[in-house]
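Report on the structure given below.
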Amino acid sequence: MNKYIAPPFRIKMIESIKMTTLEERKLKLKEAGYNPFSLRSEDVYIDLLTDSGTGAMSQNQWAALMVGDEAYAGSKSFFKLEEVVKKITGYQFVIPAHQGRGAEQVVLPLLMKEKGMYYISNTHFDTTRAHVEIAGGRAVDIVIDECFDTEQNHPFKGNFDLERLEKFIKEKGPSQIAGIIMTITNNSAGGQPVSMENMREVKKIADKYKIKTLIDGARYAENAYFIKQREKGYENKTISEIVKEVLSYADIFLMSAKKDGLVNIGGLIAIKDDFDFYQKCRTYIVPWEGFPTYGGLAGRDMEALAVGLEEALEETYLQHRIDQVRFLGEKLLEAGVPIQYPIGGHAVFVDCKKICPHIPYFEFPAQAVCNELYLEAGVRAVEIGSFLLGRNPDTGENLESPLEFMRLTIPRRTYTNEHLAYVAEAVINVYKRRETIKGFDFEYEPPVLRHFTARLKPL
Ligand code: F0G
C-alpha cells in the first residue's frame, strides 16, 4: 500500500494564488503590525490560518445552492437539513445557527441557573470560553496531562482526566456545574481526538451527578475516524455508527459547521430529547440568530450544509483528510522539527517553545516563528500560545501558556500535498535559522481578544 493516498476527487475549478517577493512581504508584515491576522489574504501565498469556513465545496454542494428556499419561515431547505441532522445524530430537535459561536451564545447561558456556575470541558475553544464568561460563568479545562507533553505518544491526547473531573464536581458540588462540554477533536490541544471509552465514562459521571453533557462537535467526523483507526472494537464499524454512539453520550450537540460540515458558513444546535430546553432555545434563537427555521443562514446555505454533512462522513474523504495532515507532520518530524505528536486531525502544531527557548513567553515565541514563516515563504499560520492567552485580569500580568504553538491549519479539500511539501520546506528553513529569530513587544494592545487586532514591534 502507498505511504500516502491520493485525493478521492478531481479538481475542476481553480483559484489563482500569487507569490510575493521578500521585499514585499517585509513591507506587508510591517504594515500589519507583525500580526498575520492583519494581512490581506491576497498577500498570502498559502493560507493555513484556519480550517474554518476555508474549505472547498463539492459539485453536489454547489448544485444544491440552486434549490435553496429563501422563505423566512418554514423553508424547504430547513426541513432537508433537519432530516439529515436527525439521521446522523439520532436527536429529536434541530436548530440552525449562523456559525458555532452563534449556537454557543444561545445554548450556554440557558443551562446556567445562576451566575458563577462552572462549565467543564476537556479544553474550551476560545469562543466557547468567552460565551461562558460573558454569561457570568466560569470555564474550567480538565484534560489529561499527556496533552502538555508534545513528545509523549498517546492515541487520545484530547481525553478528559476522569479522576480530576469527578473530584472537581464533588468539590464544587454538582448543583454548581452547568454542563460538561466534550470538545471533539480537542482543537486547542492540537486537534487531538477523544476516545469513545473516555466519553462513555464522562457520561457515566455526568449521569451520576445529574449534569447535562454537550458535544462541541466542530470536528466530530475527524474524531470518529481516529476512533475507528485507534480504538479497539471500532475497526469494523462505519463512521456513521461511531458517530451515533458518540452522540448517545451527550444531551446537546453544538457544531461549527464551517469545519466538518464542509461549508463556508453555518452552525447547528441539536437536542436529544429535552423538549422544554428545545423550546427555550427556539425562543432565544430569534433575537440572537434569526427565526428557528433559518438561524442566520440563507436557504442555500442550509442546502449546502445538508449535503456537506453527509460528505464529511465518507470514509474515503476522511482517510485522505487525515492523511494529508499526517503528510505535512511527518515531513517536519523527519527534519527534526518538534511538533505535537501524534499528529492531529486538522492541523500540525509546531512546538515553538522548543524551537525558540531563547524567547521568553512574554515576547511570544510562536508569534515570532509565524512571522518568520510568512517572510520565508508567504505562508500564513496562527499562534496558539501566550499571545492568544492574554493577561491575568486581576494583576494585569501576561499569562504564560503551557504550550507555545504555531498552528499550520489545513483547509479541507483545498490544497494539494505539493502545497504542503512547499510549506514543510519553508518551516524547515525557518527551523534551521531558529537561533536568529527574535521576540516581539506590543505597539498597541487591545483590552480583550488581543491577538486578533494587536500591533507588535520587533525587539
Ligand atoms: N468550537 C471549536 C472546537 C472551534 O474550533 C471553533 C472555531 C468554534 C467552536 C467556534 O466556531 O468559528 O463557527 O463560530 N474554530 C476556528 C479555528 C475559528 O480557527 O479553530 P465558529
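The values are calculated or read from the model by the stated rules, or taken from the named source; none is laboratory data. What you see is a predicted model, and the numbers here were worked out from it, not measured in a lab. Neighbour counts are summed over all protein chains in view; Cβ atoms, including those assigned to glycine, are modelled from backbone coordinates with ideal geometry. Heavy atoms of the whole protein, side chains included, go into the accessibility calculation; ligands, DNA and RNA do not. Shrake-Rupley method; radii C 1.70, N 1.55, O 1.52, S 1.80 Å.
In this calculation the C-beta distance from residue 333 to residue 73 is compared with R0 = 51 Å, giving a FRET efficiency of 0.45. Using 0.36 nm per residue and subtracting the Cα-Cα separation, the extra length available between residue 459 and residue 432 on full extension is 7.7 nm.
Eigen-decomposition of the gyration tensor built on the alpha-carbon atoms of the stretch 358-413 gives equivalent ellipsoid semi-axes of 24, 13, 8 angstrom, largest listed first.
Sorting 213, 453 by solvent-accessible area of protein heavy atoms yields 453, 213, largest first, with a 1.4 Å probe.
Here is the tail figure for the stretch 328-459: Cα pairs spaced more than 27 Å apart come to 18 percent of all pairs. Seen against the Cα atoms of the chain and their longest principal axis, helix 100-110 is set at about 50 degrees. When nucleic acids and ligands are ignored and a 1.4 Å probe is applied, residue 27 ends up with an accessible area of around 100 Å². In the complete set of protein chains, residue-level accessible area for residue 416 is approximately 40 Å², probe 1.4 angstrom.
Between the beta carbons of residue 171 and residue 414, assuming R0 = 51 Å, the FRET efficiency works out to 0.65 to the nearest 0.05.
Calculate, in nm to one decimal, what residue 110 and residue 315 gain on full extension: separation in residues at 0.36 nm each, minus their alpha carbon distance. Walk me through the numbers before you get to the answer.
Details: separation 205, 0.36 × 205 = 73.80 nm, distance 3.57 nm.
Taking 0.36 nm per residue and subtracting the Cα distance, the gain is 70.2 nm.
Placing pseudo-labels 7 Å out from each Cα toward the beta carbon at residue 197 and residue 1 gives an inter-label distance of 2.3 nm. If you sort 197, 222 by accessible surface, 1.4 Å probe, largest first, the order is 197, 222. Give me the percent of accessible area attributable to carbon and sulfur for the chain, probe 1.4 angstrom. About 52 percent, which is the carbon plus sulfur part of the accessible surface.
Take the alpha carbon gyration tensor of the stretch 59-311, find the square roots of its eigenvalues, order them as a ≥ b ≥ c, and report rounded if a/c is under 1.5; if not, report prolate when a/b exceeds b/c, else oblate. Taking the square roots of the gyration eigenvalues as a ≥ b ≥ c, the stretch 59-311 is oblate. Can you send over the solvent-accessible area of residue 138, 1.4 Å probe, protein chains only, in Å² to the nearest 10? Ignoring ligands and nucleic acids, residue 138 comes out at about 120 Å².
Applying 0.36 nm per residue to the separation of residue 286 and residue 425 and subtracting their alpha-carbon distance, the gain on full extension is 45.2 nm. A helix-only calculation puts the chain at -12000 deg cm²/dmol for mean residue ellipticity at 222 nm, using -39500 (n - 2.57) for each DSSP H run of at least four residues, averaged over all residues. Applying 1/(1 + (r/R0)^6) with r as the Cβ-Cβ distance of residue 204 and residue 229 and R0 = 35 angstrom yields a FRET efficiency of 0.90. Global size of the chain: 21.5, 62 Å for Rg and Dmax (C-alpha atoms, Rg to one decimal, Dmax whole). Rounded to whole Å, give me the distance from the Cα center of the stretch 300-353 to that of the stretch 9-60. Taking the Cα centre of the stretch 9-60 as reference, the centre of the stretch 300-353 is 18 Å away.
Taking the Cα atoms only, what angle lies between the long axis of helix 196-208 and the longest principal axis of the chain, rounded to 10 degrees? Around 50 degrees separate the two axes.
Could you order peptides 260-270, 227-237, 152-162, 34-44 by the average number of other Cβ atoms within 10 Å of their residues, highest first? Can you show the working numbers first?
Working: 260-270: 26.3, 227-237: 14.7, 152-162: 20.4, 34-44: 16.6.
Top of the packing list down: 260-270, 152-162, 34-44, 227-237.
A 1.4 Å probe over all protein chains sorts 440, 125, 148 by accessible area into 148, 125, 440, starting with the largest.
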